[in-house]
């Protein structure tokens with residue numbers, strides 16, 4: 001009678017002839033020096049990488065002491081690498097004349113990579129509204145796709161989301177209310193010129209959200225009127241402009257009419273461009289001196305007229 005084979009459930013041979021330290025080392029993330037020429041930027045990266053004084057200072061630091069915090073990348077199908085975090089560090093390395101950059105290589109799918117990229121870059125000290133807007137939108141869409149896919153451990157989607165919407169979870173992750181998250185995402189519907197105004201602070205968030213519902217061609221009309229009037233619409237004006245757009249009655253004349261409508265209990269005022277005035281004064285003249293000189297000139301003109 002043939003003997004039955006015994007199932008001993010022995011560990012793999014590699015585990016039998018390796019130490020715990022070597023097994024832990026396999027699981028531990030390693031820092032690799034990767035050639036800059038093999039690292040690609042993240043597609044649609046929503047954060048600006050500018051050549052400014054801060055970047056030059058970073059490049060000088062890198063030239064002196066190197067990169068202290070490794071970047072994070074993932075390997076692409078073609079064997080190259082995609083940058084998850086470290087776009088400014090990569091530019092600093094290039095300016096410093098380095099050929100490689102220390103990186104941590106992680107295995108991430110597309111949506112995991114988007115979420116990791118947004119989370120790491122949102123830790124910056126200074127973040128423009130446009131950067132928040134684009135990153136929140138990318139992260140929100142990635143979270144929705146993840147919620148719509150079956151979990152690896154077969155946990156229902158509702159349980160994965162803990163009974164909350166993707167927008168609520170995103171708000172918790174970035175420290176904003178879900179309404180504020182919605183407002184930032186709406187900003188991505190603005191034209192580049194209008195979004196620049198939000199970044200510059202000349203167009204506040206609330207009117208910007210209202211105007212984001214206008215079609216692109218109507219936003220361009222509005223941009224022309226803003227340049228003509230030398231100011232952005234208030235929240236109440238933006239609301240009226242959006243209402244007329246919804247009714248199909250918005251044109252340039254209507255926008256001008258709304259923005260020139262007299263406000264009760266508001267003193268009329270006008271604004272002179274500083275750049276236009278400075279050509280009449282030596283470089284470095286204080287604004288107060290310019291103002292006093294203009295007033296004296298007007299007083300002299302008035303006395304001569306009389």
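The values are calculated or read from the model by the stated rules, or taken from the named source; none is laboratory data. None of the values given here were measured: they were computed from a predicted structure. Positions of Cβ are backbone-derived with ideal geometry, glycine not excepted, and every protein chain shown enters the neighbour counts.
Some observations on this one:
- The set of residues in the range 61-83 that are closer than 19 Å to residue 126 by Cβ and touching a strand residue (DSSP E or B) at 6+ places or on another chain (Cβ under 9 Å) contains only 69.
- Condition check for residue 86 on (1) modelled with pLDDT under 95; (2) surrounded by fewer than 21 Cβ atoms within 10 Å (Cβ to Cβ); (3) touching a strand residue (DSSP E or B) at 6+ places or on another chain (Cβ under 7 Å): one failure, at (2).
- Any chance residue 203 is outside the structural domain of residue 129 (by TED's automatic domain parsing), free of Cβ contacts under 8 Å to residues at least 40 places away in the same chain, assigned to a loop (DSSP other than H, G, I, E, B) and within 30 Å of residue 115 (Cβ to Cβ): yes
- Residues of the range 206-219 satisfying the condition of being under 30 Å from residue 126 (Cα atoms) and surrounded by 15 or more Cβ atoms within 10 Å (Cβ to Cβ): 207, 208, 209, 210, 211, 212, 213, 214, 219
- Any chance residue 212 is on the phi < 0 side of the Ramachandran plot, at pLDDT below 95 and not assigned by TED's automatic domain parsing to the domain that holds residue 130: no
- Qualifying positions in the range 245-280 - assigned to a loop (DSSP other than H, G, I, E, B), over 33 Å from the mean Cα position of the chain (by Cα) and modelled with pLDDT under 80: 262, 263, 264, 265, 266, 267, 268, 269, 270, 279
- The lone criterion from (1) part of a helix (DSSP H, G or I); (2) modelled with pLDDT under 90; (3) touching a strand residue (DSSP E or B) at 6+ places or on another chain (Cβ under 9 Å) left unmet by residue 29 is number (1).
- Where strands (runs of 3 or more DSSP E) sit wholly within the range 35-152, those with at least 3 residues that are more than 23 Å from the chain's Cα centre (by Cα) occupy 100-105.
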